[in-house]
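What follows is a single structure, written as structure tokens, with notes after it.
The values are calculated or read from the model by the stated rules, or taken from the named source; none is laboratory data. What you are looking at is a predicted structure, and each value in this text was computed from that prediction instead of being measured. Neighbour counts are summed over all protein chains in view; Cβ atoms, including those assigned to glycine, are modelled from backbone coordinates with ideal geometry. Calculation scope for accessible area: heavy atoms of the full protein, side chains included, ligands and nucleic acids excluded. Shrake-Rupley method; radii C 1.70, N 1.55, O 1.52, S 1.80 Å.
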Amino acid sequence: MSYPGYPPCDGYPAFPGYPPTGQESVYPPAGQYPYPAVPGGFPPSGGGTFPAAPLNAGFPGAAGYSALGGYPASGGFPGAPQAGGMPPYPGGPGFAVPPTGPGFGSYPQQPPAQSYAGGGPAQIPGFPGGQVPSPMPGPPAAVVQYTQGTIQAAPNFDAGRDAEILRKAMKGFGTDEQAIINVVANRSNDQRQKIKAAFKTMYGKDLIKDLKSELSGNVEELILALFMPSTYYDAWSLRHAMKGAGTQESVLIEILCTRTNQEIREIVNCYKSEFGRDIEEDIRSDTSGHFERLLISMCQGNRDENQTVDYQKAQEDAQRLYQAGEGRLGTDESCFNMVLASRSFPQLKATVEAYSRIANRDLLSSIDREFSGNVERGLKTIVQCALNRPAFFAERLYYSMKGAGTDDSTLIRIVVTRSEIDLVQIKQMFTQMYQKTLATMIASDTSGDYRQLLLAIVGQ
């Protein structure tokens, strides 16, 4: 499947930097929309980590999950435990040993090895009141370095040399796909933008147009995605999800419910500047009800980013959520929206812990009982990211390939967007959750140069 709009067709916005002849412009302008060296962090800017998970925390297998978008099926999470006890851990094939520490149903907790900034909230037995500051505050966002991407900036980088390699690979009869793969899979997004500029300077030709003339199908889609500026790729994906008949709600959820404040704000600005449209207006015209409200909340990019966990507030929020759902007839949807859209991810993690004590049921299970459809999936995504962001993306990747056929757009989008952030952790979680490696599943579900490039990005 190729991207519409590369080059533009049927009125679809032009791919930036590759307009029709006579309408050339350069995207992005100097200093505009590069993928930030530190995009706010996971957890968001300000430092801090999620509390470490027990080393023997269990991971769900495929059995308890729905084929619909990789979200847990109804009943896939454990039911209510005995009063005062932990939720019963599901048995059967595909499940690991039940966790002995604080648990959140069957959803895996954040892996203990983290590369994010600073230290996590203090680990305190029981549920103390009041604020407990992080024992070691994180460094400023500007100095946070990500080391969990499978793609790192190439040392001794020479944009002109890479441009020459790509030119030779496409010149004459036939195409040297391996040479192209060797370059694009081993350069950061920022370096690829420099290669694109150097190619036009050296040869007076547009690199993307040359690549399109030499490639086709999924490998073309993957390489075009790799050459998009990262912020633009998210904005383009959102526009594509809402354009024309139908709406790809899972794409809206995946992007808007998982990005940091800084990333969201840049996406919203890029969406306006590149497509001349207001993303909130497009969301209102394509969605409705409580799902629309949740996405509009996400578009604000105003989630609290204070990494200090207020345990008293977590207790109060947990009680509030219980009274808005399980503790009443009907559901106060606005209460769930308010808490899940505004609290920091470490704060939400503490709230999930408190909720399981109050309700004798994990929060994901309660959302499953109280909501349905897209708003249910959106709320679950936020909770899943608070508990373990890499596990959420591992789950999405698994269901993009499970069963007959492959959802190539989802596979490409996640591999590309997480390749410089946390794809190493996603791979680790994938293996623990599904008892097979991500590379093994990609190899069995794809073929040719497309498979080779995906495996070059993901690594073994």
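The table below lists the values:
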{"read-out": "Nearest-10 value in Å² for the accessible area of C385, using the 1.4 Å probe", "value": "0"}
{"read-out": "In Å, descending, principal axis extents of the Cα set of region 389-458", "value": "29, 25, 18"}
{"read-out": "Karplus-derived 3J(HN,Hα), 6.51/-1.76/1.60, for each residue of region 328-333, Hz, glycine and proline x", "value": "8, 7, x, 9, 8, 4"}
{"read-out": "Sequence of L166, L329 when ordered by accessible area, the most exposed leading, probe 1.4 angstrom", "value": "L329, L166"}
{"read-out": "Partners for K313 among aspartates and glutamates (Cα-Cα distance below 16 Å; same-chain residues under 8 apart left out)", "value": "D304, E305, E353"}
{"read-out": "Charge dipole (region 155-248, unit charges on Cβ, about Cα centre) - positive-most of N182, I223, Y203", "value": "Y203"}
{"read-out": "Filtered trypsin sites (Lys or Arg not before Pro), region 421-460: DSSP coil and at most 13 other beta carbons within 10 Å", "value": "K436"}
{"read-out": "Karplus (6.51, -1.76, 1.60) ³J(HN,Hα), θ = phi - 60°, over region 240-247, in Hz, Gly and Pro reported as x", "value": "4, 5, 10, 7, x, 6, x, 9"}
{"read-out": "5 angstrom amide H check on V309, placed H, neighbours 5+ away", "value": "V132, S134"}
{"read-out": "Percent carbon-and-sulfur accessible area, region 389-458, ignoring ligands, DNA and RNA, probe 1.4 Å", "value": "46"}
{"read-out": "Spacing of the two label points (7 Å from each Cα toward its C-beta) at S342 and R284, in nm", "value": "2.1"}
{"read-out": "Y398, Y271, ranked by accessible area, largest first (probe 1.4 Å)", "value": "Y398, Y271"}
{"read-out": "Per residue value of the accessible surface for region 299-359 (all protein chains in place, 1.4 Å probe), Å²", "value": "37"}
{"read-out": "A456/S273 FRET efficiency (R0 35 Å; Cβ-Cβ; nearest 0.05)", "value": "0.60"}
{"read-out": "Rounded, prolate or oblate (a/c below 1.5 giving rounded, otherwise prolate when a/b exceeds b/c) for region 352-433 by Cα gyration tensor", "value": "prolate"}
{"read-out": "Region 159-279 - percent relative contact order, Cα under 8 Å, separation 6 or more", "value": "19"}
{"read-out": "Net lengthening on full extension, R328/Q152 (0.36 nm per residue, minus Cα-Cα)", "value": "58.3 nm"}
{"read-out": "Restraint check, K205/K402; K209/K436; K349/K427; K349/K436, Cα-Cα greater than 31 Å", "value": "K205/K402; K209/K436"}
{"read-out": "Accessible-area order (highest first, 1.4 angstrom probe) of the listed residues D445, D210, D162", "value": "D445, D210, D162"}
